[in-house]
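Structure, as structure tokens:
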Amino acid sequence: MTGGLKDGETEEEFLHSPFIRKQGNIYKPNNKDMDNDSLNEKTMEDVHTKEIDLVNRDPKHINDDVVKVDFEDVIAEPAGTYSFDGVWKASFTTFTVTKYWCYRLLTALVGIPLALIWGIFFAILSFLHIWAVVPCVKSYLIEIHCISRVYSIGVHTFCDPLFEAMGKCLSSVRVRMTKEV
């Protein structure tokens, strides 16, 4: 008889033990087919809680050709017209530090509000694309398919015989061009 007591088991142990099948416990299966849901749960990541890289802040290199402005790119003295070395060093330091701190101050004051605005903008853009643009395009493609079939039937019915007849009539026409000197 299946499901009965085995040697050494008491009635109390049998009542409280989990039901074990060939494939494994129904809550923790050994079978790969039964464990697909737990694998999917492990591989899914939450994109809102991923860690950001504080060292490489442009991993996709979208600003490589845009904002690389250093002192040497803006201020340069040609040979023979050099300023004092101290003035050159002070100019370099002033330019670099001013650019650095102005950028930091502007990002502190305007960065968060602009991030909010851009987040809203791209959310609206994504929403419109998903819920308006793609359905409109699909609807258009479905409707235009019907019109294209009617158009194709019309062309094959009326235009093809006309142009074939004209081609046969005009096939014997020969054009010869000569150039007189």
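The values are calculated or read from the model by the stated rules, or taken from the named source; none is laboratory data. These figures come from a predicted structure and were not determined experimentally. Every residue, glycine as well, gets a Cβ built from its backbone with ideal geometry; the counts of neighbours run over all protein chains shown. Protein only, heavy atoms only, side chains kept; ligands, DNA and RNA dropped before computing areas. Shrake-Rupley method; radii C 1.70, N 1.55, O 1.52, S 1.80 Å.
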- Query: Tell me, what ³J(HN,Hα) does each residue in region 68-79 have, in order and in whole Hz, if you take phi through Karplus 6.51 cos²θ - 1.76 cosθ + 1.60 with θ = phi - 60° and put x for Gly and Pro?
  - Reply: 8, 10, 10, 4, 5, 7, 10, 10, 8, 10, x, 4
- Query: For T157, what charge total do you get from the other residues with a beta carbon under 13 Å from its beta carbon, if Lys and Arg give +1 and Asp and Glu give -1?
  - Reply: -1
- Dividing the surface of the Cα convex hull of region 71-165 by four yields a projected area in nm² of 15.7 nm²
- Length gained if V175 through D85 is fully extended, taking 0.36 nm per residue and subtracting the Cα-Cα distance, is 24.1 nm
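Taking 0.36 nm per residue of sequence separation and subtracting the Cα-Cα distance, how much length would be gained by fully extending the chain between A76 and S148, in nm to one decimal?
On the way: separation 72, 0.36 × 72 = 25.92 nm, distance 6.42 nm.
Full extension of this stretch gives 19.5 nm more.
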- Message: Counting heavy atoms of the protein chains only and a 1.4 Å probe, report the per residue accessible area for region 71-165 as a whole number of Å².
- Response: 88 Å²
- Query: With each pseudo-label sitting 7 Å past Cα toward Cβ, what's the V155-T98 distance in nm, one decimal?
  - Reply: 6.6 nm
- Item | Solvent-accessible area, 1.4 Å probe, carbon plus sulfur percent, for region 71-165 | 77 percent
- Determine the gain in length on full extension of the stretch H61-W131; use 0.36 nm per residue of separation and subtract their C-alpha separation, reporting nm with one decimal. 22.1 nm
- Note on the structure: Residues other than V74 with Cβ under 13 Å of its Cβ, Lys/Arg counted +1 and Asp/Glu -1, net out at -2
